[in-house]
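Take a look at the structure below.
The values are calculated or read from the model by the stated rules, or taken from the named source; none is laboratory data. Only a predicted model underlies this, so the values are computations on that prediction, with no experimental measurement involved. Don't worry about glycine lacking a Cβ; one is built from the backbone with ideal geometry, like all the others, and counts go over all protein chains shown.
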Amino acid sequence: MRKIIGIGETILDIIFKNEQPTAAVPGGSTFNGIISLGRLGMPVTMITETGNDKVGGIIKQFMKDNGVDDSCVCMYEDGRTAISLAYLNERNDAEYTFYKDYPKARLDVVWPEVNKDDIVMMGSYFVLNPVLRAKVKEFLDYATQRGALIYYDINFRSSHASEAIKLYSTILENFEYASIVRGSTEDFQNMFRLDNPEQAYKREVSFYCKQMLCTDADGEISLFSPSVTKTYKVHKIETVSTIGAGDNFNAGIVFGLMKEGVGKDDIASLTEEQWNRIIAHGQALAAEVCQSFNNSISKEFADNYGRNK
């Protein structure tokens with residue numbers, strides 16, 4: 001049976017609204033999507049790290065409670081689990097302050113078994129970080145050799161924009177590993193100083209990866225692939241918090257790939273109708289998560305959605 005493997009950071013998000021804490025939720029960009037997929041009944045594993053402390057214990061239990069295999073979690077003794085303070089503005093978008101205390105030895109885990117057409121989800125600074133890059137690359141080489149479909153969410157924040165030139169070759173290497181690249185207009189602006197999705201695809205992505213999705217907050221979704229190029233409108237909704245919107249869009253796309261039975265060798269020949277269904281899943285999960293302070297879709301939504309889809 002195919003499975004989904006995420007690799008990325010875990011963190012405890014403490015969410016502030018009107019300068020008051022309103023929620024504390026386990027998070028992390030890939031982690032948020034993996035939790036949603038676990039709630040949807042997908043077979044999921046998370047490669048990550050936490051401190052062997054109270055917060056790390058909460059995160060590990062949270063994974064178990066949501067159907068996520070936690071056998072590839074490195075719990076380090078020399079350091080503390082990362083925490084972020086997320087301050088929501090009037091549009092319910094978040095500005096973050098991070099508190100991290102990592103050990104020198106990182107990501108000391110045994111890789112999970114990867115088989116052909118398993119889906120690997122990766123993204124954010126975690127897979128670019130020079131401290132972790134050798135370990136991440138080791139896993140990506142293994143997953144590629146085993147025939148996995150790799151989904152790369154760039155998620156390149158403005159706080160790292162000054163490092164874009166230094167990380168450029170690593171970013172391109174990730175594009176080369178990827179079967180699908182997903183970025184936001186903000187990501188491409190921060191990395192390449194390009195705010196046009198088509199230019200970003202043609203100039204920076206398409207040589208390495210032929211499939212790209214670009215989101216633009218509550219604007220259009222752009223799809224570029226050899227078989228289909230298309231834009232999708234996004235329905236306006238009342239938001240409570242946009243934390244996790246992109247992460248759950250990713251989860252919806254991966255859910256759609258699994259439901260459609262799309263393997264690595266099928267990506268380039270997907271029809272417009274298949275892409276329509278896959279992207280609809282992404283939109284549905286992103287919209288759901290924006291309507292609460294949770295970083296992932298609710299269990300109630302997942303139960304109904306999984307039964308109906």
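Applying a threshold of 6 Å to beta carbon distances and a minimum spacing of six or more residues, or different chains, the list of pairs starting in segment 220-240 at a residue that is surrounded by 14 or more Cβ atoms within 10 Å (Cβ to Cβ) and ending at one that is among the acidic types (Asp, Glu) and not in a loop (DSSP other than H, G, I, E, B) reads Val228/Glu272.
Counting only residues that are touching a residue at least 60 places away in the same chain (Cβ under 8 Å), aromatic (Phe, Trp, Tyr) and part of a helix (DSSP H, G or I), segment 267-300 holds 0 of them.
Inside segment 162-206, can you point out the residues that are hydrophobic (A, V, I, L, M, F, W, C), touching a residue at least 24 places away in the same chain (Cβ under 8 Å) and over 22 Å from Gln283 (Cα atoms)? The answer is Ala164, Leu167, Ile171, Leu172, Phe175, Met191, Phe192, Val205. Output yes when any residue across segment 252-271 is among the polar types (S, T, N, Q) and either buried (at least 17 other Cβ atoms within 10 Å of the Cβ) or modelled with pLDDT under 90 (or both), and no when none is. Within segment 252-271, not a single residue is among the polar types (S, T, N, Q) and either buried (at least 17 other Cβ atoms within 10 Å of the Cβ) or modelled with pLDDT under 90 (or both). Residues that are under 18 Å from Lys135 (Cβ atoms) and touching a Leu at 6+ places or on another chain (Cβ under 9 Å) within segment 62-87 comprise Cys74, Ala82, listed in sequence order. May I ask you to verify whether Asn115 is surrounded by fewer than 20 Cβ atoms within 10 Å (Cβ to Cβ) and touching a residue at least 60 places away in the same chain (Cβ under 8 Å)? So Asn115 passes the test.
Take the conditions (1) surrounded by fewer than 16 Cβ atoms within 10 Å (Cβ to Cβ); (2) touching a helix residue (DSSP H, G or I) at 6+ places or on another chain (Cβ under 9 Å); Glu95 misses just one of them, which is (2).
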